[in-house]
Amino acid sequence: MTSTGIVGYGAYVPPYRIKAEEIARVWGEEPERIIKGLGVKEKSVPGLDEDAATLAVEASRNAIGVAGIEPSKIKAVYVGSESHPYAVKPTATMVAEAIGSTPEVMAADLEFACKAGTAGIQIGMGLVASNMAEYVLAVGSDTSQGRPGDALEYTAAAGAAAFIVGRQKEQMVAKLEQTCSFTTDTPDFWRRQHAEFPTHGGRFTGEPAYFRHVMGATQMLFEKTGMKASDFDYFVFHQPNGKFPLEVAKKMEIDVEKVKPGLMTPIIGNTYSGASPIGLCAVLDIAKPGQNICLTSFGSGAGSDSFWLTTTDLLPQNRTRAAHNLAWYVERKKYLDYGLYAKHRRKLKSL
Amino acid sequence: MAENIAITWRRIPERYRLAGSQCMTCHAKFFPPRKLCPTCRRKGKIESCAFSGKGKIFSLSEVHSAPAGLELEIPYVLAIVQLAEGPKLTTQLVDCREKDVKVGAAVEVVFRRIRSDDPEGLLHYGYKFRLVK
C-alpha cells in the first residue's frame, strides 16, 4: 500500500464547562462517588450558537493551518458525528464550503457512534493511497446528548478534532503505518430516529462492548504489525469516562503513563466522535519525532479502529502553525450552573 | 421569520469564509463584496479576494433586547470590527460580555450558527468574532 500520513491536525473544545459536582447536586447524587466512579471532574458544553458543524469547522481550520496547504487541494471531506445538526442535509458540505474546498470535493457525513471520526481517517487513507485524492479531511465532531439525570449526563460533552491525510512524505507530521478494525453487531448503546436522548445497556456497555472491541482491535494491530505494547510511546484509547482507558492498559499490560497524556475525558468529558481523535491531538502536541503512537477508537454498535502512527521530524515545527492548539482551548473555561447548562443544551421543553 | 433561501445561499461565501472583493486598479478591498469600485468606476477591475479573519474592535454595544430568534443569547455583544485589510463589518462577539471588550482589542473570526428557522426550517451559519487573548 502507498504510504499515507497525517499532514495536518487540529482540535476544538468550547469554553463552557459544568462540574460533575453541580450535576450531582441537582440529582441528589454524592459528587465524590460520581467523580471517583467515572473519573470525570467536569465536561465541556457547547455555546448557544455552536453545533457539530461549527465545532468541525474550527478544528478543520486549525488542521489546515498545521498542514499549510491550499484548502482547494482537499479533495474529500468526511465528518463523523452522532449529533449532525440536520437529519437530512450534510454537515460535510458546510465544512467543505467554510474551509474553501468546494466545489471539486467528495463529501459525506459518517455515523458510527463515537468512532465515525476514525472511520473517516481510514477512508482518507484509502483514497489517498489509491491516488483518488491528494488530501482528505476527516473530522470527528460531537455535541453529545445525555438524558437529564442519567449517568451519561456527567460525561456527554462537546468537542472536535480534524485530520488531513496526505501522501507526500515531506509534508507528514505523522506516518500512518497501519490500521485495522474489529467490528461486530453489539447492541450496547443507540438512539432511535427522532429520539432526543440515547439509550444504553448500563453495565453491558463495558465488557462485551468497549473492552472486547478496543482490546480486540489493539491486539489485532499488534499481530498485523509485529509491534508489542513496549514498542509504543503513547496509547490513545476511546475514553467514554476517565477509567476505561486505564483499565484497558492494565488488562493489556501497558504502562498507564503512556495512556495518561492522551486522556482528556477527565477534564473535558466524553466528546464522542471527537474523543479519541482529541486524545491523539493531545499526544501530537507533545510528542517528539520518531515516536510510536497507538490510537484505538470505539463506537457503540460496535466497533474499534486501531492505528499505528509514527511521528516525523516535521511535527515540532508544523504543529506551531495552528491558530490555537488543544491546550489553549482546554485552559479557557467559563463555568455554568445547571440552570444555564439546561438552557445551553435546550433541555427545557419550552426552548 | 425565515430568511429567503436564495438570499442565504447567495451569501454563503461571504458568511462562511469572509469572501470579499478588491479593485485591482486602486487596490481597495470591499466587504461585503462590491461589483463596482466606487472610486475607479469604469476604470476599476474587480476581483474576488478572501479576508484573513483578523481584525480589531472599532465600536461595540451590548444587546439586552434581542430581535426575534436571538432571545436566548442575551446579553450579547454586537461590534463593528475593522478587518486587518481595512473594511469594517458589524458582527456578534462570542464568549464575552461588554466589560471584557475594549475598543482596539484584537479579534479573530469564528464560524457559528447565526439564526435558526424553527422548528423545521433552515439553520443559517456565518461569521462571528472572538477576542484574541
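The values are calculated or read from the model by the stated rules, or taken from the named source; none is laboratory data. Only a predicted model underlies this, so the values are computations on that prediction, with no experimental measurement involved. For neighbour counting, all protein chains shown are included, and Cβ atoms are generated from backbone atoms with ideal geometry for every residue, glycine included.
Side notes on the structure shown:
- Applying the condition of being assigned to a helix (DSSP H, G or I) and within 14 Å of chain B (Cβ to nearest Cβ) to the range A:287-329 and asking which residue is farthest from A:His200 (Cα to Cα) yields A:Trp328.
- Search result, residues across the range B:40-63 that are crowded, with 16+ Cβ neighbours inside 10 Å, small (Gly, Ala, Ser), out of contact with any Ser or Thr (no Cβ under 8 Å at 6 or more places or on another chain) and not in a strand (DSSP E or B): B:Gly53
- Every condition in (1) in contact with a Pro (Cβ under 8 Å, 6 or more places away or on another chain); (2) without any contact (Cβ under 8 Å) to a residue 12 or more places away in the chain is met by A:Ala52 except one, and the failing one is (2).
- Residue count for the range B:103-119 under the criterion of being assigned to a strand (DSSP E or B) and away from every other protein chain (no Cβ under 12 Å): the result is 2.
- In the condition set (1) in a loop (DSSP other than H, G, I, E, B); (2) surrounded by fewer than 19 Cβ atoms within 10 Å (Cβ to Cβ); (3) out of contact with any Lys or Arg (no Cβ under 7 Å at 6 or more places or on another chain), A:Phe197 is compliant with all but (3).
- Members of the range A:239-268 found to be assigned to a helix (DSSP H, G or I), under 16 Å from the mean Cα position of the chain (by Cα) and either in contact (Cβ under 8 Å) with a residue 40 or more places away in the chain or surrounded by 19 or more Cβ atoms within 10 Å (Cβ to Cβ) (or both), listed by number: A:Phe244, A:Pro245, A:Gly262, A:Thr265, A:Pro266, A:Ile267, A:Ile268
- Residue selected from the range A:33-57 under the condition more than 11 Å from chain B (Cβ to nearest Cβ) and not in a helix (DSSP H, G or I), by the criterion farthest from A:Val95 (Cα to Cα): A:Gly39
- Residue satisfying condition, being at pLDDT below 95 and either over 20 Å from A:Val13 (Cα atoms) or crowded, with 18+ Cβ neighbours inside 10 Å (or both), within set A:Ser350, A:Ser300: A:Ser350
- Among the residues listed as B:Glu98, B:Glu71, the single one being of a type in the set (D, E, K, R) and exposed (fewer than 15 other Cβ atoms within 10 Å of the Cβ): B:Glu71
- Selection status of A:Thr54, under 27 Å from A:Ile121 (Cβ atoms), more than 23 Å from the chain's Cα centre (by Cα) and either of a type in the set (Ser, Thr, Tyr) or surrounded by 19 or more Cβ atoms within 10 Å (Cβ to Cβ) (or both): no
- Flag for A:Ser60 being among the polar types (S, T, N, Q), in contact (Cβ under 8 Å) with a residue 24 or more places away in the chain, within 14 Å of another protein chain (Cβ to nearest Cβ) and not in a helix (DSSP H, G or I): no
- Residue-level check: of (1) surrounded by 13 or more Cβ atoms within 10 Å (Cβ to Cβ); (2) under 29 Å from A:Asn62 (Cβ atoms); (3) hydrophobic (A, V, I, L, M, F, W, C); (4) away from chain A (no Cβ under 14 Å), B:Cys37 misses just (2).
- Of note, A:Gly279 does not satisfy the criterion of being surrounded by fewer than 22 Cβ atoms within 10 Å (Cβ to Cβ), away from every other protein chain (no Cβ under 14 Å), touching a residue at least 40 places away in the same chain (Cβ under 8 Å) and not charged (D, E, K, R).
- The listed residue being touching a helix residue (DSSP H, G or I) at 6+ places or on another chain (Cβ under 7 Å) and at pLDDT 95 or above, out of A:Ala129, A:Ala138: A:Ala138
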